There are 2 protein chains.
Amino acid sequence: MTTPGRGLHGHVLDSLGPAITAGEYPPGSVLRTDELAQRFDVSRSVMREAVRVLESMRLVESRRRVGVTVRPKAEWNVYDPQVIRWRLAGADRPHQLRSLTVLRSAVEPVAAGLAARHASAAQCAELTECAIGMVANSRGHKLEEYLVHDMAFHRVILVASGNEMFARLGDVVAEVLAGRTHHEVMFEDPDPAAVTLHVQVAEAVREGDAARAEKLTREITVGALQELDILAS
Amino acid sequence: MTTPGRGLHGHVLDSLGPAITAGEYPPGSVLRTDELAQRFDVSRSVMREAVRVLESMRLVESRRRVGVTVRPKAEWNVYDPQVIRWRLAGADRPHQLRSLTVLRSAVEPVAAGLAARHASAAQCAELTECAIGMVANSRGHKLEEYLVHDMAFHRVILVASGNEMFARLGDVVAEVLAGRTHHEVMFEDPDPAAVTLHVQVAEAVREGDAARAEKLTREITVGALQELDILAS
DNA sequence: TGTGACATATAAGTCTGACTTTTTGTCCCC
DNA sequence: GGGGACAAAAAGTCAGACTTATATGTCACA
């Protein structure tokens, strides 16, 4: 992914982070820095750095004379990519995938609409390339190749929206798409209708038709919601 | 806000964070831990903890033999509440407000639709109370009181959506609303039409009319976009 | 002149131990 | 039983020595 396990404190985080986000330490649990340092066989300085990071993610709170207490889930920085990755890697995975898919359904249509207005020529070209790649790999069990182009497609849309907040969701969306292919039920070739929708979105963006790009993308995300049985009405 | 300036390293962050997010150190700038420790008159241990936090926010990258280099804006964890607060407090404020308002326009309508399906009786009651509070303070230059109820209203909607990712945007939305009242041009009483929309959203949610709640909320967010001259078509 | 191996300097990374500060629980006394 | 002083516990801070990785410069050799 990005740069995992860099330094000793990173190694500690790779152990503690998933454990906490998995609910292994229920909210209110108290950890002691010294004990943790011993357990992970690192110095207190290193342990303190790790705790500081967990604190900035609002997973824990460090108080004098008390120790390091685990915060309730509702206070976590759930948008921190690291936290998202930890949760996706653990028992919380299904729940996290649902949350993120709902988020996608809100954000991506609007992003596509904005992309139709702001996308550069290069971005339009890239988008079309992605769509072509998806079509080319939509049959014959070439799921991995399809996935690569699918992830790229959505990333381009989000970046081309021109909104930094949307752009930064590219990694998250990619993670969701990858999860669908790798862990969920997706043995067969992708739905041809979905592939067509992607091609049409690329068209709409190229033509600057914001309303159509938004509507088509909404259809894509509705499909994603249905896959997870998140059904409305 | 939450718990600012806790401990020495927190004090350092309160100085460094805003400076970096304000672009005071352009991307690629190199800082040295020792020099920073001297400058802020703290020990290296404390400085290292601060750097670790900045690193987890992806504002900087620490590499051996090089130093602490500032990352390009595109890599920052722009959803980190701390980063958002720093940017809102600095020169980037207008740009950040626009980004967040666009995000709101994507998320809040969908959240309102979900709230109509999932809101508890208590949440419906709270929502109605907020709407009443807004109406009661909509005339006579009682902007502060109006703001309190406005923030509460949107927070309830986001929480009642039942989606943790939406719920965690409550603070951000509150910050945007507060910003509009405190820093932007908003001397007069709020737009009566907007107040009515809020009342109607509360109604729709109470009645479980998801489509109407979503549509009405979309009208609210369109208004917010127009205030900032973010116009479509 | 270019290229590779090697040496060196540099800045982060780590560890240790001593000390400080804050908070909480307890116990004594009124 | 309540209030205040005291003691213990855990995080917080600091200073210094040492380790490790790595960018960069140097020099020999082709």
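Here A:L59 qualifies as open to solvent by less than 50 Å² (accessible area, probe 1.4 Å) and more than 8 Å from every other protein chain (Cβ to nearest Cβ). Here is a check on your reading of the model: is A:L97 of a type outside the set (G, A, S), in a helix (DSSP H, G or I), within 30 Å of A:P18 (Cα to Cα) and touching a residue at least 12 places away in the same chain (Cβ under 8 Å)? So A:L97 passes the test. Scanning region A:68-113 for residues that are within 19 Å of A:E164 (Cα to Cα) and in contact with a Leu (Cβ under 7 Å, 6 or more places away or on another chain) yields a count of 3. Take A:R48 and tell me if it is within 16 Å of DNA strand C (Cβ to nearest atom) and either buried (at least 20 other Cβ atoms within 10 Å of the Cβ) or closer than 19 Å to A:E24 by Cα (or both). Answer is yes for this residue.
All of A:E55, A:E61, A:E49 fail the test of being under 24 Å from B:V12 (Cβ atoms), in contact with an Asp or Glu (Cβ under 6 Å, 6 or more places away or on another chain), outside the structural domain of A:T101 (by TED's automatic domain parsing) and not in a loop (DSSP other than H, G, I, E, B), apart from A:E49. Is there any pair linking a residue in region A:164-183 that is among the hydroxyl-bearing types (S, T, Y) to one that is open to solvent by 20 Å² or more (accessible area, probe 1.4 Å) and at pLDDT 90 or above, with Cβ under 7 Å and at least six apart or on different chains, and which? Going by the 7 Å Cβ cut-off, the qualifying pairs are A:T181/A:L143.
Selection of region A:99-116 for residues being under 11 Å from the mean Cα position of the chain (by Cα) and within 9 Å of chain B (Cβ to nearest Cβ) yields A:S99, A:L100, A:L103.
Among the residues of region B:132-162, those identified as closer than 15 Å to B:V110 by Cα and open to solvent by 10 Å² or more (accessible area, probe 1.4 Å) are B:R155, B:V156, B:V159, B:G162.
Among the residues of region B:35-66, those that are in contact (Cβ under 8 Å) with a residue 12 or more places away in the chain and within 10 Å of DNA strand D (Cβ to nearest atom) comprise B:F40, B:V42, B:V46, B:M47, B:R48, B:E49, B:A50, B:V66. Within region B:4-34, the set of residues being within 16 Å of DNA strand D (Cβ to nearest atom) and more than 18 Å from B:A89 (Cα to Cα) comprises B:R6, B:G7, B:L8, B:H9, B:G28, B:S29, B:V30, B:L31, B:R32, B:T33, B:D34. Within the group A:V102, A:V110, which residue is out of contact with any helix residue (DSSP H, G or I) (no Cβ under 6 Å at 6 or more places or on another chain) and hydrophobic (A, V, I, L, M, F, W, C)? Selected residue: A:V102, the only one of A:V102, A:V110 that is out of contact with any helix residue (DSSP H, G or I) (no Cβ under 6 Å at 6 or more places or on another chain) and hydrophobic (A, V, I, L, M, F, W, C). Taken over region A:170-216, the criterion of being surrounded by fewer than 16 Cβ atoms within 10 Å (Cβ to Cβ) and among the charged types (D, E, K, R) is satisfied by A:E184, A:E188, A:D189, A:D191, A:E207. From the list B:P27, B:P18, the one residue that fits, being away from DNA strand C (no atom under 11 Å from the Cβ), touching a strand residue (DSSP E or B) at 6+ places or on another chain (Cβ under 6 Å) and either at pLDDT 95 or above or not in a helix (DSSP H, G or I) (or both), is B:P27.
A:V42 falls short on exactly one of the conditions (1) more than 11 Å from chain B (Cβ to nearest Cβ); (2) open to solvent by 30 Å² or more (accessible area, probe 1.4 Å); (3) part of a loop (DSSP other than H, G, I, E, B), and that condition is (2).
Which residue out of A:I157, A:I230 is under 19 Å from B:N163 (Cβ atoms), of a type in the set (V, I, T) and within 19 Å of the chain's Cα centre (by Cα)? Result: A:I230 is the single residue among A:I157, A:I230 that is under 19 Å from B:N163 (Cβ atoms), of a type in the set (V, I, T) and within 19 Å of the chain's Cα centre (by Cα).
Among the residues of region A:82-94, are any on the phi < 0 side of the Ramachandran plot, free of Cβ contacts under 8 Å to residues at least 24 places away in the same chain, open to solvent by 10 Å² or more (accessible area, probe 1.4 Å) and within 14 Å of another protein chain (Cβ to nearest Cβ)? Yes, that holds for at least one residue. Residues that are of a type outside the set (F, W, Y), facing chain B (nearest Cβ under 10 Å) and not in a loop (DSSP other than H, G, I, E, B) do occur in region A:117-137.
Condition first: assigned to a helix (DSSP H, G or I) and in contact with a strand residue (DSSP E or B) (Cβ under 7 Å, 6 or more places away or on another chain). Can you find one or more residues in region B:76-85 that meet it? Don't jump to the end; show me each part of the working.
Here is the first cut: in region B:76-85, the residues assigned to a helix (DSSP H, G or I) are B:81-85.
Right, trim to in contact with a strand residue (DSSP E or B) (Cβ under 7 Å, 6 or more places away or on another chain) and you get none.
The answer is no, given that none of the residues of region B:76-85 is assigned to a helix (DSSP H, G or I) and in contact with a strand residue (DSSP E or B) (Cβ under 7 Å, 6 or more places away or on another chain).
The values are calculated or read from the model by the stated rules, or taken from the named source; none is laboratory data. Since the structure is predicted, the reported quantities are computational estimates derived from the model, not experimental observations. In this analysis, Cβ positions are derived from the backbone assuming ideal geometry, glycine residues included, and neighbour counts consider all displayed protein chains. SASA here: full protein model, heavy atoms, side chains in, ligands and nucleic acids out. Shrake-Rupley method; radii C 1.70, N 1.55, O 1.52, S 1.80 Å.
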